[in-house]
Amino acid sequence: MITKFKTIDSENIDLKIIEEAADILKKGGLVAFPTETVYGLGANGLDGEACRKIYEAKGRPSDNPLILHIGEREQLNIIAEEIPESAQKIMDAFWPGPITIIFKKKSIVPDSVTGKFNTVAVRFPSNKIARSLINAAGVPVAAPSANISGKPSPTRASHVLFDMDGKIDMIIDGGAAHFGLESTIIDVSTGVPTILRPGAITKEMLEEVVGNVDVDPAISGMGNTDAAPKAPGMKYTHYSPNAKVILVKGSKDNVIESINNFVCEKQKAGFKVGVMTTDENAMFYTADAVLSLGKYDDQEEIGSNLFKILRKFDFLGIDIVYSEVFQEQGEGAAIMNRLKKAAGNTFIEVI
Ligand code: TXA
Ligand code: MG
């Protein structure tokens with residue numbers, strides 16, 4: 001299959017390209033498109049066969065359900081059986097935007113979207129290209145992140161091309177994804193709203209709107225529970241480059257000294273070694289690649305660079321990456337959640 005690659009300016013959307021892409025979706029094909037979180041791999045969300053192609057292109061386990069994306073809020077009524085008051089408040093505050101809500105589903109939603117679940121994940125993105133594509137297709141669009149399963153999510157169209165060239169019908173390049181981390185997922189289908197995946201809409205922001213919010217225990221700690229996460233996708237090793245990622249935690253001086261020692265050791269053993277750090281510390285390291293995620297206190301910058309930098313280590317042929325750890329409050333919860341998964345929850349403590 002030849003994958004078409006089209007560029008769209010989000011401030012001046014070329015409707016001809018949108019129509020062409022929407023046509024592909026209507027005919028059961030796959031189109032990757034930008035959202036404000038990461039790039040999505042879209043199919044007609046009401047066409048079970050088209051959704052199955054997504055699993056094939058990504059190499060995604062079939063028990064991992066998809067998110068349906070809507071272009072207008074009214075589209076929610078087609079797919080959600082029940083809209084609890086808490087969901088209403090969350091939608092009023094944060095939609096369109098980087099938060100996915102789990103609802104009881106209507107039977108129109110195919111099994112290949114939701115797997116064995118009687119719930120459906122719904123997101124209303126704010127990205128203008130995403131919305132105009134969904135509206136032109138006229139159906140909810142099923143879209144996981146447009147990466148090969150297990151790899152870091154794509155935050156640029158070039159990442160999608162690298163993973164999906166020849167496997168899908170079209171890629172729309174709409175520039176860098178704004179947030180760079182996938183949406184927050186919140187389950188409102190049972191009792192207290194529960195965060196199943198942390199993202200740019202933080203627990204603190206949600207609590208201001210709906211009061212008490214829980215976090216799925218399977219994702220809140222550093223591997224301190226055996227419980228299966230409620231979002232099936234969170235149980236897989238994820239976001240990991242080919243390089244092995246090792247987190248190093250402790251006081252600043254110890255971390256820098258230890259990482260430099262580890263790098264030296266591994267280089268002697270013949271490995272290409274990278275360090276992932278912040279602007280403040282980058283100058284203290286020597287390695288085959290020292291890459292900064294940005295300023296330590298700028299969580300937005302760190303979040304938006306994380307997947308790009310993880311992919312860059314692969315591009316540079318790095319075998320092992322030693323990474324500092326980052327703040328966990330606010331958006332830091334999402335950053336550290338992804339980083340721990342990239343590292344398979346292994347870290348070295350050097351207090
Ligand atoms: O920001 C995002 O959410 C991006 C963009 C493209 O919108 N999409 C995304 O999709 O991250 P994906 O497929 O990579 O992650 C979806 C997550 C998976 O962990 C999946 O298990 C979970 O959502 N999920 C989907 N439906 C669910 C359901 N009914 N109940 C619980 N978890 C669900
Ligand atoms: Mg994903």
Given all pairs of distinct Cα atoms, region 46-91 yields a Kirkwood Rh in Å of 12.8
Of the listed links 167/230; 89/340; 58/244; 235/340; 26/151; 58/104, those spanning more than 24 angstrom between alpha carbons are 167/230; 89/340; 26/151; 58/104
Amide H neighbours of residue 244 at under 5 Å, excluding residues fewer than 5 places away on the same chain, with H built from the backbone geometry, are 320, 321
In order over region 127-134: 3J(HN,Hα) from phi, Karplus 6.51/-1.76/1.60, θ = phi - 60°, whole Hz, x for each Gly or Pro, gives 4, 5, 5, 4, 5, 5, 5, 4
Going residue by residue through region 337-345, the Karplus relation 6.51 cos²θ - 1.76 cosθ + 1.60 with θ = phi - 60° gives ³J(HN,Hα) values, rounded to whole Hz and with x marking Gly or Pro, of 4, 5, 5, 5, 5, 4, 8, x, 6
Compactness check, the chain: C-alpha Rg relative to the 2.2 N^0.38 Å globular estimate gives 0.99
If amide H atoms are modeled at 1.01 Å from N in the peptide plane, then the residues at a separation of 5 or more from residue 69, or on another chain, having amide H under 5 Å from its own are 123, 141, 142, 143
Note: residue 251 to residue 92 extended length (0.36 nm per residue) minus current alpha-carbon separation gives 53.0 nm
Under the 7 Å Cα-to-Cβ spin-label approximation, residue 72 and residue 267 lie apart by a distance in nanometres of 6.0
For the chain, the longest principal axis of the Cα atoms and the Cα long axis of helix 299-315 enclose an angle in degrees, to the nearest 10, of 80
At 25 °C and 0.890 mPa s, the Stokes-Einstein diffusion coefficient in µm²/s for region 187-332, with hydrodynamic radius from the Kirkwood sum on alpha carbon pairs, is 144
Nearest-0.05 FRET efficiency for residue 298 and residue 13 at R0 = 45 Å, using Cβ-Cβ distance, is 0.90
With +1 on the Cβ of every Lys and Arg and -1 on the Cβ of every Asp and Glu, the dipole magnitude of region 150-194 about its Cα centre, in debye rounded to the nearest 20, is 100
Counting only protein heavy atoms and rolling a 1.4 Å probe, one gets per residue an accessible area for region 4-220 in Å² of 38
Whole-Hz Karplus couplings 3J(HN,Hα) for region 320-326, θ = phi - 60° and coefficients 6.51, -1.76, 1.60, Gly and Pro as x, run 9, 10, 9, 10, 5, 9, 10
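The values are calculated or read from the model by the stated rules, or taken from the named source; none is laboratory data. No experiment lies behind these values; they were computed from the predicted model shown. Virtual Cβ from ideal backbone geometry, glycine too; neighbours counted across all protein chains shown. Heavy atoms of the whole protein, side chains included, go into the accessibility calculation; ligands, DNA and RNA do not. Shrake-Rupley method; radii C 1.70, N 1.55, O 1.52, S 1.80 Å.
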